[in-house]
Each structure stands twice: as structure tokens, then as C-alpha cells.
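Written out below as C-alpha cells is the structure these notes cover.
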Amino acid sequence: MTLSMQGLRPVISPAPDLDAAKAWWSSLLGSGPYFDEPFYVGFEVGGYELGLLPTADPAEGVLTYWGVPDADAAVAEALALGASVHGPATEVGDGIVTATVKAPDGSIVGFIYNPHFAAT
């Protein structure tokens, strides 16, 4: 088995105080988010996504997702190589599927299938 990774995708930052994080990132980036909901705030940065997630655990740090053609298959392959499920493959809206696993070393690896993503 060889996982077909399509490159880096969103970087998700835990944001327990979503309003404060949104204001800080808006100031740093010089523009506001393109997606702004109580459950997730998304910024477009050079063709990529910076996400603020209020439910993410700050102790787990920033999460980077890797683009894959099939999130379920990516999880299955990672499990076969000794990973454990951290967050199961879940459709999060608009056909986008995310999943996370814990690698044997304890690091968290994110997978995302996004049929709308196009690198710029």
C-alpha cells in the first residue's frame, strides 16, 4: 500500500476564544475571514486555508491536513501501519471529508478530501 497524498491543505488552529483569535488573525493577515461561523472561522491565505476551530484541544497544537483522494482509505492505510483513530472520517459539509489519526509516535496526522480545492 502507498497512500496517495496530494499535498498540504488547511492548517487548523485551536481557538477556544474564537472572537479574540479571529480579531488577531484578521489584524495579522490584513483581511477578515471568508467563512465566519460560531463553529469554524476560515481565512484564505495564498490559496490555502487557515482555520480556527473553537472545539479543538489547544494541548494538541496546530493540526495540518494532507489532501487525499479518499479519507476513509487514508485512515485504513494509516491504521494498517500502526496508527490509531483520533477523529473518524466525517463529512463536514459541501462534500468535504476530514479525518485524523495518531501515528505510533503520538503525533496527529490529518487527512482531507476536498473536491473543491485547487492549488493556485
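The values are calculated or read from the model by the stated rules, or taken from the named source; none is laboratory data. Predicted, not measured: the structure shown is a model, and the values here were computed from it. Every residue, glycine as well, gets a Cβ built from its backbone with ideal geometry; the counts of neighbours run over all protein chains shown. For the accessible areas, the whole protein counts, side chains as well, though only heavy atoms, and no ligand, DNA or RNA atoms are used. Shrake-Rupley method; radii C 1.70, N 1.55, O 1.52, S 1.80 Å.
Using a probe radius of 1.4 angstrom, the carbon and sulfur fraction of the accessible surface of region 3-74 is 59%. With all protein chains kept in place, the per residue accessible area of the chain amounts to 57 square angstrom at a probe of 1.4 angstrom. For the pair residue 72 and residue 44, label points projected 7 Å from Cα toward Cβ lie 3.1 nm apart. Extension gain for residue 117-residue 19 works out to 32.6 nm (0.36 nm per residue, less the C-alpha to C-alpha distance).
Working note: Karplus 6.51/-1.76/1.60 with θ = phi - 60° gives region 41-53 the couplings 10, x, 10, 9, 10, x, x, 10, 9, 10, x, 10, 10 Hz, where Gly and Pro are set to x.
Recomputing Rg and Dmax of the Cα atoms in Å from the coordinates shown identifies the correct label among (i) 15.6, 53; (ii) 15.0, 48; (iii) 14.5, 44 as (iii).
For a paramagnetic label modelled on residue 37 (point 7 Å from Cα along Cα→Cβ), amide N atoms under 11 Å away belong, within region 76-115, to 92-95. For the chain, DSSP calls about 75 percent of its internal beta bridges antiparallel.
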